[in-house]
Amino acid sequence: MKAIRILERVLTALPMSLLMLLLVFVFVRLLPGDPVDIMMGQAGNVSQAEIDALRRELHLDLPLTEQLSIFVRGLLRGDLGLSFREQRPVTDIIAEAFPATVELALAALTFALMVGLPIGVISAVRRNSVFDRLAMGFSFLGISMPAFWLGIMAIMLFSVHLGWTPVQGRLSAGIAPPDLTGLYVLDAILARDWVLLKDALRHLVLPAVTLGAELTAIIARVTRSSMLEALQMDYVMAARSRGVPEWQVVLRHGLRNALIPTVTVTGLQLGVLLGGNMIVETVFGWPGLGRLVVGAIFGRDYALVQGAVMLYALTFLIANLLVDIIYTQLNPKLEL
Amino acid sequence: MVKRGRWIRLVATAMAAGLLVMAGCSSGQRSDSSGDRQQAEGRRLSITIDAFQGRVPEAEAVAAYLRQIGVQAEVRIWEKNALLEEIKQGTRVAYTQDWGSSTFDPYDLAVPKLKTNDRGNYSFYSNPEVDRLLDEGSSGTDPDARRNAYHQAQQILIEDAPWIFGYYMDVVEATTADVVGFTPAMDSRINLHDVSRTGADSLVVGMRVDRLQSLDPANHRDRDTETVIRNIYDGLVTRTPNGEIVPELAESWEQPDPTTYIFKLKQGVKFHDGTEMTADDVVFTFERIMAPDGVDGQQSPRLGLLGPIKSVEKLSDYEVKFTLEHPFPTWLQLLPHTQIVSKAHVERMGSSQALSENPMGTGPFKFVRGQVDTEIVLERFDDYYGGSDALPPVGPAQLKTVTFRMIPEPSTRVAALKAGEVHIIQEVPVDQIPLLEADSNVKVLTTQGTRLYMIELNNNILTDARVRRALNHAVDWDTILREIYGGRAHRVATAMLPSGFGFDESIEPLKYDPELAKQLLQEAGYVTD
């Protein structure tokens, strides 16, 4: 039954994704700026013949409707076209960049949950204590601090000054990347390559914490306020009066019911994290999707932008679906 | 965040403009609808300088100087490529622009920028005499006559003042203190053949780009991509760091007539797979770029870098003859941009993509592994023929392993250098130079850049040369370049670079003279007080 519901949700989301893709197709072409001009650089040595040839190759000499029909025909064959700038299939380029973004997003999410949740719970239980006040003060900082500043400060302190972590990249020079999933930490574990694992983790920690800082703060705040509410509920008082140990009251009766808002926020943020974080990826030299897409937009690489937006739509779809499924686990009264 | 910042600035600019309109300050004199001001006796000149990220402070300073001579000047901030589209439609008045030259000749700078209706002529400047002189300079056969023509063109340009003439920047690169033998090149190439490190045999370069376009030498149009490719592949000729052309894979060449070049190839040059390079590979390399379907059934984007080439023929295994459509004096300057591939290898690979994943040339380093968005790892090629005799040391490279890492964020590049993770970095940001210079573990190295920066004027709107000259005299460039670019930018009198052929050093830049500027504006009929 549940499987059918999930399938239904996926199928209804497909037309939405298509519509969005069409919108992007049009909007990206409405952006002022000529891809051919940008590709040929503002430099000499370019002949008009070359420019015309390139325009023909990219179908930019055709009316918009014909460009669209070429695009849709390709799409039906599962072909997102060639990147304008690299003349390679868009799917290949995205597939190269996506694992890096997934790894960073998952690491940031793990960090945010492992730090944010306990802080939120403890702050709620010890309401108005010194811990609570400090934690909420820091979470305020976490929400307000821009990632590029935090990232560069972290590099200055931990990498340049203390020398604990590398400045940038996913692996040290001289270490060959594994060729499995593209998530290097996972690959290292699968291959039982502990040197690789250590190197990958050392490179991952600063960008993950930088990227996760805001989410940590959000999770801590949301968890705290929903915990405060849950702890006031009748069933919590009932549990206490039955003599259930306090830690069980907090975790089983309080937290479990307080988690729904946290899951919602986390799910939405996961979509954002997977969409690629251009700033953190740029600061830490992390070759992911965010950096790729920003480059594609500035370079007016229409095909690549379209492909990336398609992927965004899919990730948001999946993240939302996951959130809904977790809801039903947390509260069996809810249905998909 | 960056993007949001830009939006906020745009919105703020729009709001400010709206307020001005409401207050009646601009009284309908929008600069882009100003039309022909020459008939506007007794009116105030008003100009919007369009700028994009990176040159906004400079544009603000220029606007402030213009206000001092009574010009109503504002700055509007754009995304670079969106601005260009507007400029081409002729609706803008003054705009920050730049243009790179790679041949050390005005042929790819002043010619496309200032010849009537040429590809880069965004200022709509048109002077038949200048057109004639630029043609003579760029296609004549006698060097003295060419130089003379370029000199005369500069004389006219400084009078006509089609732009607010600008500056070129230094190429600023930095290395760790243990790097030996590295010289920054004017064309910003990084040639690692002659470089070594005390106490180590591996080296990492921090590149300024986030990705390379391809490792197929015929399928990109990007300087930084070429920088990496050039360490794997050699050309018939190469450039010294100062831009001089010297033989590389060629032993020598002769030019029996203005449209014919005959190249003698070095013998015994090996590709990384051990096969010998011959004239067949050279002919194949050029024909692959010339053919309309040479790269995966499409035209190579590097055709323009072959100049007016008509044909390439093998005369013997070690002799190749090139024929040009017409005499073209800068042809040798273009030649380093074509790197020789192995015919057999390219045919074996089948596609440009496969070739890009398995590059194989005659260069000092062979490809080990890498991804264009992360890093490219190369290893010394022990059977290297030695490289150009003009660039000692001749012989195999000294480093065993070299890595090119993509680190687009300048602060991160600098941090990685300070932490010793990378050993050479491209493009040090101006504000970080003093910090690095104070660090004894780091060396900062500079040379002249080959990109010209200016504020172009729309000559269809500002039709009076007196007005355009006045705008030049109004700006104190020395102060701007010192304060904003830390003295790393150098003024240029006209549209020609000191490093280029035919530069006339006797021409002084239009000097900062606000009184003269006011006088010129008044002569042209504008109010200046």
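Determine the relative contact order of the range B:64-142: mean sequence separation of Cα pairs under 8 Å and six or more apart, normalised by residue count, in whole percent. Intermediate results must be reported in sequence, preceding the final value.
Details: 54 pairs, mean separation 13.4, N = 79.
Here the relative contact order equals 17 percent.
Cα axis of helix B:143-160 to longest principal axis of chain B: angle in degrees, 0 to 90, nearest 10?
30 degrees
Among A:80, A:275, A:143, flag the residue with its Cα farthest along the positive direction of the charge dipole of chain A, charges on Cβ as +1 for Lys/Arg and -1 for Asp/Glu.
Result: A:143, furthest along the dipole toward the positive end.
Over the range B:336-439, what lengths in whole Å, largest first, do the semi-axes of the equivalent ellipsoid take, defined as the square roots of 5 times the eigenvalues of the alpha-carbon gyration tensor?
Numbers: eigenvalues 191, 71, 30 Å².
Semi-axes from the Cα gyration tensor: 31, 19, 12 Å.
Using θ = phi - 60° and the Karplus form 6.51 cos²θ - 1.76 cosθ + 1.60, what ³J(HN,Hα) does each residue of the range A:316-331 get, whole Hz, x for Gly and Pro?
Taking θ as phi minus 60°, the curve returns 5, 4, 5, 4, 5, 4, 4, 4, 5, 5, 5, 3, 5, 6, 6, 9 Hz for the range A:316-331.
Provide the per-residue ³J(HN,Hα) series for the range A:238-245, in order, calculated from phi with Karplus coefficients 6.51, -1.76, 1.60 and θ = phi - 60°, each as a whole number of Hz, with x at glycine and proline positions.
Those phi angles translate into 4, 4, 4, 5, 6, x, 5, x Hz.
In terms of the ratio Rg/(2.2 N^0.38 Å) built on C-alpha atoms, what value belongs to the range B:219-280? Write down the numbers at each step before the final one.
Working: Rg = 13.6 Å, N = 62, 2.2 N^0.38 = 10.6 Å.
That ratio works out to 1.29.
Residues with amide H under 5 Å of residue B:445's amide H, sequence separation 5 or more or different chain, H placed in the peptide plane at 1.01 Å from N; which?
Result for residue B:445 returns B:173, B:174, B:175.
Over all distinct Cα pairs, what is the inverse of the mean 1/r for chain B, reported as the Kirkwood hydrodynamic radius in Å?
On the way: mean 1/r = 0.0398 Å⁻¹.
Taking every pair of different Cα atoms in chain B, averaging 1/r and inverting gives 25.1 Å.
What number, in nm² with one decimal, is the all-direction average of the projected area of the convex hull of the alpha-carbon atoms of the range A:241-336?
Averaged projected hull area, Cα only: 8.8 nm².
Over the protein assembly as shown, one equal point on each Cα, no solvent: what is log10 I(q)/I(0) by the Debye formula at q = 0.05 Å⁻¹?
For the protein assembly as shown at q = 0.05 Å⁻¹, log10 I(q)/I(0) is -0.33.
Could you work out [θ]222 nm for chain B from helices alone, using -39500 (n - 2.57) per DSSP H run of at least four and dividing by all its residues? Round to the nearest 500 deg cm²/dmol. Show your work: numbers first, answer last.
Numbers: 16 runs with 161 residues, N = 529.
Using -39500 (n - 2.57) per qualifying helix, the result is -9000 deg cm²/dmol.
Largest first, how would A:227, A:20, A:39 line up by accessible area (1.4 Å probe)?
Reading off the accessible areas and sorting them downward yields A:20, A:39, A:227.
Using a Gaussian network model on chain A with a 10 Å cutoff between Cα atoms, which of A:65, A:210, A:262 fluctuates the most?
A:65
Any idea what angle helix B:56-68 forms with the longest principal axis of chain B, computed on alpha-carbon atoms, 0 to 90 degrees, nearest 10?
Compared with the principal axis, the helix lies near 30 degrees.
Mind checking which lysines have their C-alpha under 27 Å from residue B:310, skipping anything on the same chain fewer than 8 residues away?
Filter leaves B:113, B:115, B:264, B:266, B:321, B:343.
Per residue of A:284-297, how many C-beta atoms from partner chains lie within 10 Å of its own C-beta, taken as a mean? Working shown, then result.
On the way: counts 3, 15, 2, 10, 1, 0, 0, 6, 3, 0, 4, 5, 0, 2.
Going residue by residue through A:284-297 and averaging, the value is 4.
Roughly how crowded by other chains is peptide B:133-146, in terms of the mean Cβ count from those chains within 10 Å of each of its Cβ atoms?
Numbers: counts 0, 0, 0, 0, 0, 0, 0, 0, 0, 0, 0, 0, 0, 0.
Taking all residues of B:133-146 together, the mean is 0.
Amide H to amide H under 5 Å from residue B:204: which residues, 5+ apart in sequence or cross-chain, H placed 1.01 Å off N in plane?
Placed amide hydrogens put B:403, B:423, B:424 under 5 Å from residue B:204.
Taking only the C-alpha atoms, wrap a convex hull around the range A:209-278 and report its volume per residue in Å³ as a whole number. Intermediate values should be presented prior to the final figure.
Values: hull volume 5.3 nm³, N = 70.
Cα convex hull per residue, to the nearest whole number: 75 Å³.
Determine the order of A:69, B:352 by accessible area, beginning with the largest, at a probe radius of 1.4 Å. Could you put the intermediate results ahead of the total?
Working: A:69 45, B:352 5 Å².
Correct descending sequence by accessible area is A:69, B:352.
Compute from the Cα atoms of chain A the Rg and the Dmax, the latter being the longest Cα-Cα distance, and quote both in angstrom.
Computed over the Cα atoms of chain A, radius of gyration and Dmax are 24.0, 86 Å.
I'd like to know which of A:237, A:289, A:263 lies farthest towards the positive end of the charge dipole of the range A:226-306, counting +1 on Cβ of Lys and Arg and -1 on Cβ of Asp and Glu.
About the Cα centre, the residue reaching furthest to the positive side is A:237.
At most 10 other C-beta atoms within 10 Å and a DSSP loop state: those are the exposed GluC sites (Glu not before Pro) I care about. Give me the longest piece of chain B that has none. Don't skip to the end; give the middle numbers.
On the way: sites that count: B:41, B:505.
Looking at chain B, B:42-504 is the longest stretch - no exposed GluC sites (Glu not before Pro) with at most 10 other Cβ atoms within 10 Å.
If you take every DSSP beta bridge fully contained in chain B, what fraction is antiparallel? Give it as a percent rounded to 5. Before the final figure, lay out each step's value.
Working: 58 of 77 bridges.
Here the antiparallel bridges make up roughly 75 percent for chain B.
Using a 1.4 Å probe and ignoring any ligands, DNA or RNA, find the accessible area of residue B:368 and quote it in Å² to the nearest 10.
Its heavy atoms expose roughly 70 Å² to the probe.
So how much accessible area does residue B:321 have, in Å² to the nearest 10, using a 1.4 Å probe?
Around 60 Å² of this residue is reachable by solvent.
Quickly estimate the mean residue ellipticity at 222 nm for chain A, helices only: each DSSP H run with n ≥ 4 gives -39500 (n - 2.57), and the total goes over all residues, rounded to 500. Don't jump to the answer; show the numbers that get you there.
Values: 14 runs with 233 residues, N = 336.
Value at 222 nm, helices only, nearest 500: -23000 deg cm²/dmol.
At 20 °C and a viscosity of 1.002 mPa s, what translational diffusion coefficient does Stokes-Einstein give for the range B:241-310, taking Rh as the Kirkwood radius over Cα pairs? Give it in µm²/s as a whole number.
151 µm²/s
Give me a comma-separated list of calculated 3J(HN,Hα) values for the range B:222-235, in order, Karplus coefficients 6.51, -1.76, 1.60 applied at θ = phi - 60°, integers in Hz, x for any Gly or Pro.
Computed from phi, the couplings for the range B:222-235 are 8, 4, 6, 4, 5, 4, 6, 4, 5, 8, 9, 10, 9, x Hz.
Between A:319, A:303, A:238, find the one with the highest GNM mean-square fluctuation for chain A; connect C-alpha pairs within less than 10 Å.
Result for chain A, Cα springs under 10 Å: A:238 fluctuates most.
Would you pull out the residues with amide H under 5 Å of residue B:319's amide H, same chain only if 5 or more places away, H placed 1.01 Å from N?
Placed amide hydrogens put B:265, B:279 under 5 Å from residue B:319.
Run the reach check for residue A:2 against aspartates and glutamates, Cα to Cα strictly under 20 Å, same-chain hits fewer than 8 apart removed. What comes back?
Answer for residue A:2, where 20 Å is the Cα cut-off: A:324, A:335, listed by chain and number.
Quantify how strongly other chains surround peptide B:369-378 by giving the mean number of their Cβ atoms within 10 Å of each of its Cβ atoms. Present the calculation step by step, with values, prior to reporting the outcome.
On the way: counts 3, 2, 4, 5, 10, 10, 7, 0, 3, 0.
Partner-chain Cβ atoms within 10 Å, mean over residues of B:369-378: 4.
Where does the range B:86-181 land on the Kirkwood hydrodynamic radius, alpha-carbon pairs, in angstrom? Can you show the working numbers first?
Numbers: mean 1/r = 0.0655 Å⁻¹.
Roughly 15.3 Å, rounded to one decimal.
The values are calculated or read from the model by the stated rules, or taken from the named source; none is laboratory data. Keep in mind that this is a model prediction, so the values were computed, not measured. In this analysis, Cβ positions are derived from the backbone assuming ideal geometry, glycine residues included, and neighbour counts consider all displayed protein chains. The protein model used for the area step is the full one, side chains on, heavy atoms only, and it has no ligands, DNA or RNA in it. Shrake-Rupley method; radii C 1.70, N 1.55, O 1.52, S 1.80 Å.
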